[in-house]
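As structure tokens, the structure follows; a few thoughts come after it.
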Amino acid sequence: MQSRQLKNHFKLQDLNAVILSYADSNHYLAGGLDGNGEYHLSSDKKGNALTFNSLREAEVHLVELGATKATLEMETAYDEMVGTATAEHCKIELALSH
């Protein structure tokens, strides 16, 4: 979803800001999560998901779209590698500011 669309959804409060990360990766994805649990990632004009090189870059992007808080979700493959059942992703609520 392009930035202007995300900005409108955040203004209407029908998406919750989210930052996605994968353990051992230095790339982050940012966007929104709707009431059905579907992710709507920030994308360029061609529809390619934007990637951010740091958590801070992703936070600033969401602030520029009008978000004041976001959920950081981090996923890891380590549980699968050792054969244990995976729980939910690690989630933490972040207060956003410029």
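The values are calculated or read from the model by the stated rules, or taken from the named source; none is laboratory data. Values in this document were obtained by computation on a predicted structure and should not be read as measured data. Because the Cβ atoms are built from the backbone with ideal geometry, glycine has one as well, and the counts that use them run over all protein chains shown. When the accessible area is computed, the model is the full protein with side chains, heavy atoms only, and any ligands, DNA or RNA have been set aside. Shrake-Rupley method; radii C 1.70, N 1.55, O 1.52, S 1.80 Å.
Show the residue pairs that are 6+ apart or on different chains and have beta-carbon atoms under 7 Å apart, the first residue being within segment 85-98 and modelled with pLDDT of 75 or more, the second being small (Gly, Ala, Ser) and part of a strand (DSSP E or B).
Note: pairs meeting the criteria are Leu94/Ala70; Leu96/Ala70.
Out of the residues in segment 37-78 that are charged (D, E, K, R) and under 16 Å from Ser21 (Cβ atoms), state the one that is least open to solvent (accessible area, probe 1.4 Å).
Glu73
Of all residues in segment 28-48, which are over 11 Å from the mean Cα position of the chain (by Cα) and of a type outside the set (Lys, Arg)?
Hits for segment 28-48 are Asp34, Gly35, Asn36, Gly37, Glu38, Ser43, Asp44, Gly47, Asn48.
Where the second residue is open to solvent by less than 30 Å² (accessible area, probe 1.4 Å) and the first is more than 17 Å from Leu96 (Cα to Cα) and lies in segment 59-80, which pairs have Cβ atoms under 8 Å and are six or more apart or on separate chains?
The qualifying pairs are Met74/Ser21; Met74/Ala23; Glu75/Ser21; Glu75/Ala23; Thr76/Ala23; Ala77/Ala23; Tyr78/Ala23.
Within segment 9-36, track down each residue that is among the polar types (S, T, N, Q) and open to solvent by less than 80 Å² (accessible area, probe 1.4 Å).
Ser21, Ser25, listed by residue number.
Contact list please: Cβ distance under 6 Å, first residue in segment 1-20 and in a loop (DSSP other than H, G, I, E, B), second residue charged (D, E, K, R), pairs at least six apart or on different chains.
Filtered contacts from segment 1-20: Leu15/Asp34.
So which of Gly32, Gly47, Gly37 is touching a strand residue (DSSP E or B) at 6+ places or on another chain (Cβ under 9 Å), in a loop (DSSP other than H, G, I, E, B) and without any contact (Cβ under 8 Å) to a residue 40 or more places away in the chain? It would help to see each step written out before you state the result.
Details: Gly32 fails: in a loop (DSSP other than H, G, I, E, B); Gly37 fails: touching a strand residue (DSSP E or B) at 6+ places or on another chain (Cβ under 9 Å).
After ruling out the rest, the residue left standing is Gly47.
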